[in-house]
Amino acid sequence: MRIGEMVIILFIIALAIITIWGQKSKKSPLIYSLIALYIVTVVQIIVEDCRWQMIPCYALSVILTVCIIFRKLEKKPRSKSRRRWIAGLWTTVLLLYASVMVALPLLLPVFAFNQPQGTYSVGTAVYHFIDNHRPDEYSAEPTDHRELMVQLWYPSEPETGEEAAPYIRNVTAITQGLEQALSFPAWTLSHLGLVETHAYSNAPLSTTEQEYPILIFSHGMTGFRNQNTFQIEELASHGYIVVGIDHVYDAAATVYPDGREILINKHQLSGFEALDEHMTLWTQDVSFILNRLEQMNRQDEQERFTGRLDLERIGMFGHSYGGAAAAQMLLKDSRIKAAINMDGTLYGDPMPSTGLNKPYLQMNGEKSIDKSIFDNSLDQAMAQSGHTREYYEDFWEETVRRRMNALQGGRIHDDDTAYFPYELYGFSPVLSAAA
């Protein structure tokens, strides 16, 4: 809950208690307190912006206004016992109402990201790239090509003079995409548009180093490029240039500079065969972005990154399907020197039985590595999907086989980072710590 919101809530609860229990008087301070409440509310809305979670609080201001006016107009005095009974009743109503009024902004807060702990300030810039060598297979126009929105976070000069970039720039489109994918009302997350980051838009790249290593970030299915902002800002503050990609049609939403919005396309992908085949689209996205980074290093139109990208030190990390994409790029593209897969089943081309022969970290949530938890949730999964037990057993066995293949030859699993040779490839352990 933000400071202005807390002030208004405390102010209005105190005013409500005074209204209920205070003695009627011609010199009552209620009117002046009410005026002060409206002033504080207007200031809060101007400074912090309003959000739907505060509507019950704003509504109580109006209710109190009506109550105070009627109290002033009331001529016939009430008996002491009746006054106490009415006050007790309204106090009960106030407690119930206040519990809702306080719970909404607390449960759905305008949160703040932790301050990055690295030595660098963080800048960010958004790019729109078109791959003229690949048609847009999901577009209704046969002449359209694959278009990607990409955001870079990077070490910047400490004094930028710019405002902090928002966490989500196009919150309406993103929440609509999440609604389509996850089936909950988009408006419930509209407040995410008020969350600020610690990155400054279009800030100059830090001159501390001539070149900076690169990390590619790939979101999961239904995700978006900003979803791991907390992690990305931390990495950038330690001297990495982090490149986040919106995999259009699989991201919650992609918004182009001309205002076009592409919401997630529910492909109904299911099973290894379909998801293995679909992975090609994502790895082609990443390869294309690597090509564009090489072009930017030769000549950046904004002159920010020309000659400043260390193309010999490129790593990749991703979540879920994006984590699988990171493993695939480590397998397929020699430009990727190390990768972290955060809770991603290894879809795509088969992992070699001898391992990836490059630094690779596989991170998994408890539910995806504990067979007993898998067994306990199996009946529920079968009831929801209609698949058989054999289907899920085969899926589990294939998931484990792929993971174990990738981890052969010294690759590591979960948080066992002691054997991950970062320094050999020029990466800092902060990559694992932030992950």
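Sorting 282, 396, 153, 187 from the fewest to the most surrounding beta carbons within 10 angstrom yields 187, 396, 282, 153.
As a rough footprinting exposure proxy, the listed residues 266, 337, 358 were ranked by other beta carbons within 10 Å of their own, and the order from fewest upward is 266, 358, 337. Report the residue, chosen from 88, 409, 386, that carries the largest GNM mean-square fluctuation when the chain is represented by alpha-carbon nodes joined by springs under 10 Å. Comparing 88, 409, 386 in a Gaussian network model of the chain, the most mobile one is 386. Could you tell me how far the Cα centroid of segment 92-160 sits from the Cα centroid of segment 216-265, in Å? Going from one Cα centre to the other spans 7 Å.
Between residue 261 and residue 164, the FRET efficiency estimated from the beta carbon spacing at R0 = 22 angstrom works out to 0.35. Taking the number of Cβ atoms within 10 Å of each Cβ as an exposure proxy, the fewest-first ranking of 19, 92 is 92, 19.
Across q = 0.10, 0.16, 0.20, 0.26 Å⁻¹, segment 104-198 modelled as identical point scatterers on its alpha-carbon atoms has Debye log10 I(q)/I(0) values of -0.43, -0.92, -1.08, -1.27, in the order of the q list. Of all DSSP-defined beta bridges confined to segment 121-434, some 45% are antiparallel rather than parallel. Set the Förster distance to 45 Å, then compute FRET efficiency between residue 143 and residue 188 from the Cβ-Cβ distance, nearest 0.05. Calculated value: 0.70.
Modelled spin labels at residue 273 and residue 201, positioned 7 Å past Cα toward Cβ, are 4.7 nm from each other.
Rounded to two decimal places and with Rh computed the Kirkwood way over Cα pairs, what is Rg over Rh for segment 266-342?
Numbers: Rg = 14.5 Å, Rh = 13.6 Å.
Rg/Rh: 1.06.
Eigen-decomposition of the gyration tensor built on the alpha-carbon atoms of segment 153-257 gives equivalent ellipsoid semi-axes of 28, 15, 10 angstrom, largest listed first. Among the lysines of the chain, pairs at least eight places apart or on separate chains and with Cα atoms under 22 Å apart come to 15. Volume of the convex hull of segment 121-434 (Cα atoms only), normalised per residue: 142 Å³.
Readers should treat all values here as calculations from the given coordinates under stated rules, not as data from a laboratory. Owing to the predicted nature of the structure, the values given are computational and were not obtained by experimental measurement. Glycine gets a Cβ as well: all are built from the backbone with ideal geometry, and neighbour counts include every protein chain shown.
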